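The values are calculated or read from the model by the stated rules, or taken from the named source; none is laboratory data. The shown structure was predicted, so the numbers you read here are calculated from the model rather than taken from an experiment. Glycine gets a Cβ as well: all are built from the backbone with ideal geometry, and neighbour counts include every protein chain shown. Just the protein is used for accessible areas: all its heavy atoms, side chains included, with ligands, DNA and RNA removed. Shrake-Rupley method; radii C 1.70, N 1.55, O 1.52, S 1.80 Å.
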Amino acid sequence: MSAPVAVLVRLILRQYGARLRRTGQRLRSPKRLLPTILVLIPAALWLPYFLAAAWMRPPADLQSLHRWLSGGLTLYVMFHLVRAAWQAPEVDLGMSPAQRLWLGCSPLPRWTLVLYKAIVVLVPTFLKATLLCVLLARDTPQPWLAAVAIIAALLSLELIRLLIFTFASGLSQRGTAWLRVLATGMASAIAAQVLLRASLRWHGTWDHTAPVRFVMHVFAALGETAADASVQRLAIIFQPFATLATSESIVFFQWASMLWALAMIGGLLVLTLRAEGIARVGHLKRERQRLADFRSGRTVSRAGQADDAIIDRRRPHGERLRHLPFWGGIGPLASRQLVTLRRYRAMVFVSLAIPGVLSLLPIWLGGFGTGTVLDVIGGLTFYTLLLAPPALKMDFRRDIEILLPLAALPLRPLAMVIGQIAVPVAVTILFQVIVVFIAMAVRPVSALQAVFWLTTLAGTAVFAFALENALFLAFPHRLKQEGIEMFIRTKLVFIGKGCLWAVATAVLVVWALFCARTFDQPVRLPVLAGGILVFVWSIALSTLGIAARAWRRFDLRSDLPA
Amino acid sequence: MIVVEALEKIYSDTLAVDRLSFSLEAGQICGLVGKNGAGKTTTMRSLAGLVDPSGGRLQVAGHDVAQEPLEVRRKLAYVPDDPPLFDDLSVGQHIDLIGGIYQVPQFRQRGEALLGEFDLLDKQAVAARALSRGMRQKLAVCCAYLYQPTVILLDEPLTGLDPPGIRTLLKSVRERAAAGATIIISSHLLAMIEDVCTHLLVMHEGRSQFFGPTAQFRQQADQIQTLEEAFFASTLDAAVVEGIA
């Protein structure tokens, strides 16, 4: 190992070591001990179930597995392409300010920094690969060969992500627009294929088992799409990984596949370096063009002065913000979040449009079933809890760098939390109202029912964002943080949310049965509905209180992540 | 040691540096002063290779910044304002990291000497995240001095330092310049740096208002006594200067 690489490996090991120690200390701290245990218990129960389910199912045939693996990796590349097209550009290999100063500004060759980025993701890649290997152990004839293939494939995928983001960072405005058209077009075509396949598989009416059946159909359709000839043609670079994973013995072709995997990883490193060089040249060219525009008297301001045209464009938005009332400090906080919303509006629209369409499927599949507004409400609740918080990160999570000035504001913790989550909650409620109104246009229901559902859904929106922020304040992380602790955190949060979902469903079922057996018809429905409203809103408000408590107890000296 | 020829840098809607030219020899200490947004940090970052200039030519220690970036980085140290550190690493591990990257012989002994000089010796095992602003600044300076660069760029190095820390830093700057290093210090604390700087570069709206020996800057007007007054005289309107007088 060369000296620079050895230094970087030592740096990564020390960082991982320090983070693991710190994570361990923080999990043992009194204020995090209870939530950690509450999540670890179901996780401990879930793990044997996961293993048993993985081992006891019938094995998939190797040809299908081959196509799923290569096609699945290709679909993941498309996902990264869409992200790169729509997200803010990741310049300088996505290095943190410290990495940029001490590594980027040092005499380390640039290739070692690309390698460093690849090594950083090795640990989470190993963990993900382990999970996948366990899941596929029943299907793969040589588990160790599959493990090699999966680790190499996931590492390649991460390098492809880096390559795509580096390439996208160097695009001009027109280039970015084209990338958006291309990536969104491809993603839409894939989504349309999946939905069409799921629809074609659909049999019978839309009954209480329909959501589960539909999800199973979507997964099956996803597998079919991944195995489709069009995707397989694109998946040619991943074929050797799939071949390796599904091989029964090592002969010439398997050795060749291993060589291909190594060559691909090396090639991706070189391509990323090349893409970075091209991106820099592109930036410089455009900068020089702007400079030429300035010299020729066109609009660019001097240092320290803003262009008049820009001030004119910004002023109306600033004026609109000032119109929000103070509301105990909630108004100014919400105004600031509106600026963020304005900045990410396209992203937010796309993130919510897709679940909106999916929620309305029970009604649009009308020819195949008898979906009702209730089915749409179920879907909406699911997406509100699962997808809205990741799509609308305009709360404490985006403010991780400015928590100190936020803490210095003379606001009560509850007002602070409400102010921070007001905008994402309002956007989610708007999204719910639009979807419910579209559903009502197709399947009309009474106004009272609509008000009941919307009030309940609003409660779930408050609950979802209060919970997300309470979790964030108890276990804070940076927006683009990677690594082992994020991997474990994501899995545990997912299990925790799943448990809450199950408990809430069980409580509602018990309440419905109780009402059915205890009350007669004229009062049964109002009591049932009133009980549900009280349940949902009391949980939402309690979670809001927990988030406020988490903010009050947030220790800026020790809780901020590295 | 440092040659800047017609440096230009344009950001999306702002011309940050406009045809800036100056040169410094070994052993010279240049105070880089100017109002906020004058282009000081951009100039330093361009020299450090952290941003690509839109135009112009930069030379550091005889090497072209664009053509020989690795050679330049071996010989140059840049300490930004509020320097970012690896929050997971301790003070000692930062020294290890920089010693390893720059292949500094006996970097531990040298690191300990520097940490002792800046009063950080007892903080070696402390994580960077637990350091105060001033301590972070001192650690970054220690890391920068560790590999004995011939060109040192310090952006607002005095901010957050306690009085002994300021004294130590200014003393270390003088010593390194005496040993042949070329140093640029950007600071708003003009009274603090005026005795250290041999040269002065005054920037205003991306342009050089003055470049030359510090004494020459003071001599520009008879009634001006301090660097601060001279600075106001060169960057503000005459009416403002009269107001101050």
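Some notes on this structure:
- Scoring A:L157 on the criteria (1) surrounded by fewer than 17 Cβ atoms within 10 Å (Cβ to Cβ); (2) in a helix (DSSP H, G or I) leaves a single failure, condition (1).
- Matching residues, the range A:435-460, being under 15 Å from A:G356 (Cβ atoms) and touching a Leu at 6+ places or on another chain (Cβ under 9 Å): A:V435, A:V436, A:I438, A:A439, A:V442, A:L457
- Annotation note: of B:A245, B:A178, the sole residue that is modelled with pLDDT of 95 or more and of a type in the set (G, A, S) is B:A178.
- Some residue of the range A:346-356 being buried (at least 16 other Cβ atoms within 10 Å of the Cβ), more than 14 Å from the chain's Cα centre (by Cα) and either in a helix (DSSP H, G or I) or of a type outside the set (F, W, Y) (or both): yes
- Scanning the range A:425-444 for residues that are part of a loop (DSSP other than H, G, I, E, B) and either free of Cβ contacts under 8 Å to residues at least 40 places away in the same chain or under 16 Å from A:T381 (Cβ atoms) (or both) gives a single hit, A:P444.
- Close Cβ contacts (under 7 Å, 6 or more residues apart or on different chains) running from residues in the range A:103-121 that are in contact (Cβ under 8 Å) with a residue 60 or more places away in the chain and away from chain B (no Cβ under 11 Å) to residues that are of a type in the set (S, T, Y) and in a helix (DSSP H, G or I) comprise A:V114/A:T272.
- Checking B:L89, B:L139, B:L131 one by one, the residue that is at pLDDT 95 or above and closer than 27 Å to A:Y116 by Cβ is B:L139 and no other.
- Condition met for B:A140 (outside any helix (DSSP H, G or I), hydrophobic (A, V, I, L, M, F, W, C), within 13 Å of chain A (Cβ to nearest Cβ) and touching a residue at least 24 places away in the same chain (Cβ under 8 Å)): no
- Criterion: of a type outside the set (D, E), in contact (Cβ under 8 Å) with a residue 60 or more places away in the chain and more than 27 Å from A:L380 (Cβ to Cβ) - qualifying residue of A:R478, A:R517: A:R478
- Subset of the range A:394-419 (residues that are assigned to a helix (DSSP H, G or I) and either within 16 Å of A:L479 (Cα to Cα) or among the basic types (K, R) (or both)): A:I400, A:E401, A:I402, A:L403
- Test result for B:A144, modelled with pLDDT of 95 or more, surrounded by fewer than 24 Cβ atoms within 10 Å (Cβ to Cβ) and touching a strand residue (DSSP E or B) at 6+ places or on another chain (Cβ under 6 Å): yes
- Inside the range A:183-223, residues that are surrounded by 15 or more Cβ atoms within 10 Å (Cβ to Cβ) and either touching a Pro at 6+ places or on another chain (Cβ under 9 Å) or of a type in the set (D, E) (or both) make up a count of 4.
Yes or no, residue by residue, for (1) open to solvent by less than 60 Å² (accessible area, probe 1.4 Å); (2) part of a helix (DSSP H, G or I); (3) under 24 Å from A:S96 (Cα atoms):
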{"position": "A:G498", "(1), (2), (3)": "yes, yes, no"}
{"position": "A:A504", "(1), (2), (3)": "yes, yes, no"}
{"position": "A:V523", "(1), (2), (3)": "no, yes, no"}
{"position": "A:V536", "(1), (2), (3)": "yes, yes, no"}
{"position": "A:T543", "(1), (2), (3)": "yes, yes, no"}
{"position": "A:W551", "(1), (2), (3)": "yes, yes, no"}
{"position": "A:S558", "(1), (2), (3)": "yes, no, yes"}
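- The set of residues from the range A:84-102 being away from every other protein chain (no Cβ under 12 Å) and either in contact with a Cys (Cβ under 8 Å, 6 or more places away or on another chain) or at pLDDT 90 or above (or both) comprises A:A84, A:A85.
- Scanning the range A:430-447 for residues being at pLDDT 90 or above and either open to solvent by 60 Å² or more (accessible area, probe 1.4 Å) or among the acidic types (D, E) (or both) gives a total of 4.
- Among (1) touching a Leu at 6+ places or on another chain (Cβ under 9 Å); (2) under 30 Å from A:A235 (Cα atoms); (3) open to solvent by 30 Å² or more (accessible area, probe 1.4 Å), the one test that A:T74 misses: (3)
- Within the range B:1-40, considering residues that are hydroxyl-bearing (S, T, Y) and modelled with pLDDT of 95 or more, the one surrounded by the most Cβ atoms within 10 Å (Cβ to Cβ): B:S23
- Of the residues examined, B:V151 is one that is of a type outside the set (D, E), open to solvent by less than 60 Å² (accessible area, probe 1.4 Å) and within 13 Å of the chain's Cα centre (by Cα).
- Filtered residues of the range A:25-55 (kept if farther than 19 Å from A:G496 by Cβ and either charged (D, E, K, R) or within 14 Å of chain B (Cβ to nearest Cβ) (or both)): A:Q25
- For the range B:154-173, the criterion of being within 14 Å of chain A (Cβ to nearest Cβ), polar (S, T, N, Q) and either open to solvent by 20 Å² or more (accessible area, probe 1.4 Å) or touching a residue at least 60 places away in the same chain (Cβ under 8 Å) (or both) is satisfied by no residue at all.
- Among residues of the range A:331-345, those that are open to solvent by 50 Å² or more (accessible area, probe 1.4 Å) and assigned to a helix (DSSP H, G or I), counted: 7
- Residue check, B:K123 open to solvent by 10 Å² or more (accessible area, probe 1.4 Å), facing chain A (nearest Cβ under 10 Å) and basic (K, R): no
- Flag for A:S257 being crowded, with 18+ Cβ neighbours inside 10 Å, of a type outside the set (K, R) and not in a helix (DSSP H, G or I): no
- Answer from A:L101, A:L47, A:L8 - the residue that is aliphatic (A, V, I, L, M), part of a helix (DSSP H, G or I) and within 27 Å of the chain's Cα centre (by Cα): A:L47
- A search for C-beta distances below 7 Å between a residue of the range B:179-207 that is at positive phi and any residue that is of a type in the set (D, E, K, R) and crowded, with 20+ Cβ neighbours inside 10 Å, counting only pairs 6+ apart in sequence or on different chains, returns B:G206/B:D18.
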